[in-house]
Amino acid sequence: MTHPLIVKLEQFEHLDDEERRALLALTDGRMLHYEPRSDIIREGEDPRVVRLVLSGWACR
């Protein structure tokens, strides 16, 4: 199965094998799912990681 990040990016640009490997090396393989209207990070919290939204919407 192809990683969802690679699938999403390849909707816009073809990635070669080296680029795919580099992207996979940057991810830890974990995917988190959030319920609608739930907080990804709360005001005042210190973000320690980058969250990439693969589907849906996020706002602040």
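All of the numbers you see were taken from the coordinates with simple rules; none came from a lab. This structure is a prediction, so every number in the text was calculated from the model and none was measured. Quick reminder, even Gly has a Cβ in these numbers, built from the backbone with ideal geometry, and neighbours come from all protein chains shown.
Key figures
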| quantity | calculated |
| --- | --- |
| Candidate set: segment 1-54, residues that are touching a residue at least 24 places away in the same chain (Cβ under 8 Å) and outside any loop (DSSP other than H, G, I, E, B); chosen: the one nearest to the chain's Cα centre (by Cα) | L5 |
| Check on E18, among the acidic types (D, E) and surrounded by 11 or more Cβ atoms within 10 Å (Cβ to Cβ) | no |
| Unique match (being of a type in the set (A, V, I, L, M) and touching a helix residue (DSSP H, G or I) at 6+ places or on another chain (Cβ under 6 Å)) among L9, L54, L32 | L54 |
